[in-house]
Structure formats: C-alpha cells, structure tokens
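The values are calculated or read from the model by the stated rules, or taken from the named source; none is laboratory data. Everything quoted here is computed from the prediction, not taken from an experiment. Cβ: placed from backbone, ideal geometry, glycine included. Neighbour counts: every protein chain shown.
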C-alpha cells in the first residue's frame with residue numbers, strides 16, 4: 001500500500017519511520033513546509049519529497065496528516081474528496097464545523113478517516129478495557145514539561161484531549177455537567193487545566209492536564225463497584241485490585257500488576273489504519289470519535305471562559 005506523510009516534524013517523522021519499515025506498506029513520499037526537513041526525512045527513509053499535498057492525489061492509497069491543527073482542513077480535504085484515505089493527528093480540526101466537513105467528505109467518498117488518538121492503542125489501555133463494567137469515578141493526570149510545539153492550541157486540545165477520548169470510550173453515557181478551570185501561565189493560551197465531568201450515568205471524572213510541570217505523568221485510574229483499575233500510559237503498566245467475597249469469613253482485597261505485552265501505540269495505530277483501508281472498514285478511531293472528543297474539549301474551554 002502506497003503511503004505518504006504530510007508534516008514530518010516532532011510526530012510526523014515517527015509516522016514516516018514506522019511506515020517505511022511496515023510490512024505491506026511503502027512510504028512513497030513526505031511533504032513539509034520546511035523543505036530541508038522534508039529532504040532529510042525522505043533521504044533517511046528512502047522516500048521522495050512531494051512539492052505540495054495536492055501532488056499526492058492519485059499517487060498514494062493512504063496519507064498521514066501531522067501538520068499544525070489550523071491546517072488540517074486545508075490539507076486533508078482535497079485528499080478525502082479525491083478518495084484517498086487519511087489519518088489526521090489529533091485534534092481532528094480547529095473547529096467543529098471543520099471537523100464536520102472532514103467527516104462528511106470521508107463518508108461521501110466511502111474512504112477511511114482516522115484520528116490520531118494514540119492512547120486508544122496503548123497496550124495497557126487495551127488490556128484494561130474488558131475489565132471495566134460500570135465506572136463510577138475516573139481520575140486522569142497528564143502532566144508534561146513546557147514544549148516547543150503545539151503552542152497554537154491550549155492544553156485541553158493539546159494534552160487533555162487524549163484522556164477525553166479514552167474516557168468517552170470507557171463511559172457509554174452523555175455528559176451532564178462540566179466544571180472547569182484553566183490558567184494561562186507561560187503562554188497567552190491555557191497551560192494548565194482541571195475539569196470535573198458528571199455523566200448522566202452518575203460517573204464522575206476528574207482530569208488534570210499541564211504542560212508546565214517539572215515531571216512527566218500520564219495515568220488514569222478507574223473505580224467501579226468492587227474493583228479498581230489503574231493504567232500508567234507511559235510505562236504501559238496495568239494494576240487491578242478487586243474485592244473478593246467468600247461464603248465464609250470477611251471479604252478481602254486481591255490483585256496487583258497485570259502482565260501487559262508492551263508495544264508502540266503509534267505502530268498499532270498505523271497498522272489499524274492501513275488494515276481499515278485494505279478491508280474497507282472503519283478504523284478503530286474514526287472521524288466521528290475524533291469529532292466527539294473535539295466537541296467535549298470545546299465545551300470544556302467554553303466553560304472555562306464563562307467562569308472568568
């Protein structure tokens with residue numbers, strides 16, 4: 001399958017690396033507004049340099065768009081309209097209107113539109129999912145050091161949206177209430193945020209995201225009747241604790257670390273994307289899911305602004 005990557009910066013270069021080595025895929029071209037960067041990555045992985053995204057129409061089967069969020073619609077729309085499958089890095093688009101346009105274009109052409117919510121492909125998350133029956137309280141912490149990228153969007157769209165997508169995949173219920181606070185510290189945009197979500201099911205979710213922390217933390221903890229499930233995204237570790245009730249004697253707590261087969265989530269994401277293209281099915285994280293996470297992120301930022 002002929003593939004290309006548009007935008008080979010911090011994340012796009014990893015897409016190029018994986019596609020170049022993947023069985024059943026050929027990295028045909030890369031494209032970037034930084035021509036020197038494009039030539040460097042192309043030479044490293046044996047690909048050509050595309051002059052512009054439009055030149056890829058008809059030349060490849062699938063494209064990864066890893067450009068800044070503001071350009072997602074402009075870059076991806078002509079490809080989708082030409083019937084080319086596209087994986088767009090999160091967030092799907094700058095606005096819900098743009099997201100709707102991308103989803104509609106993919107559906108109209110019957111082509112795959114995937115969104116790069118990579119944590120869905122984290123082996124620890126995948127192992128945790130079958131253990132979740134009725135989440136009642138979820139706590140998420142995603143803390144990172146100050147970046148030199150993604151400063152065109154605030155921390156909710158940059159970091160928290162990963163956890164929003166995972167939570168929405170865990171809790172099958174509409175959001176009933178949002179309580180949120182965000183603070184711009186080192187940039188004019190929100191750099192640290194805390195959000196409390198209440199779902200109609202009664203589940204409460206507390207999320208904290210920061211890009212100004214000294215340490216890196218990426219964890220999610222899920223509490224439900226008689227059990228507790230904890231995932232360390234970065235370490236790909238899973239812990240499960242359960243309350244065991246026997247016919248005799250008091251109940252006891254049992255559990256500990258569950259073995260997880262570590263793997264690179266980005267590679268798993270790309271494998272699923274290309275399999276969806278080959279099989280004519282929806283990817284694991286289709287455009288509709290990316291739109292859903294974007295909508296919740298927008299509701300959260302609106303709640304922050306209304307509280308000021």
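Key figures for this structure:
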item	result
Count - residues of segment 198-229 that are more than 19 Å from residue 129 (Cβ to Cβ) and part of a strand (DSSP E or B)	7
Residue 8 being buried (at least 24 other Cβ atoms within 10 Å of the Cβ) and over 26 Å from residue 288 (Cβ atoms)	yes
Single residue of 229, 277, 258 found to be touching a residue at least 60 places away in the same chain (Cβ under 8 Å) and not assigned by TED's automatic domain parsing to the domain that holds residue 202	277
Any hit, segment 62-78, residues being in a loop (DSSP other than H, G, I, E, B), loosely packed, with under 15 Cβ neighbours inside 10 Å and at negative phi	no
Subset of segment 128-139 [in contact (Cβ under 8 Å) with a residue 24 or more places away in the chain and part of a helix (DSSP H, G or I)]	128, 129, 131
Filter result for the condition that a residue is more than 16 Å from the chain's Cα centre (by Cα), surrounded by fewer than 22 Cβ atoms within 10 Å (Cβ to Cβ), under 19 Å from residue 300 (Cβ atoms) and modelled with pLDDT of 95 or more, over 185, 240, 175	175
Residues of segment 132-165 classified as closer than 21 Å to residue 224 by Cα and modelled with pLDDT of 95 or more, total	11
Failed condition for residue 193, given (1) part of a strand (DSSP E or B); (2) out of contact with any strand residue (DSSP E or B) (no Cβ under 6 Å at 6 or more places or on another chain); (3) within 30 Å of residue 71 (Cβ to Cβ)	(2)
Total residues in segment 79-127, condition within 20 Å of residue 154 (Cβ to Cβ) and not in a strand (DSSP E or B)	13
Count of residues meeting criterion [more than 17 Å from the chain's Cα centre (by Cα) and without any contact (Cβ under 8 Å) to a residue 40 or more places away in the chain] in segment 72-106	16
Of all residues making up segment 200-216, the number that are surrounded by fewer than 20 Cβ atoms within 10 Å (Cβ to Cβ) and modelled with pLDDT of 95 or more	6
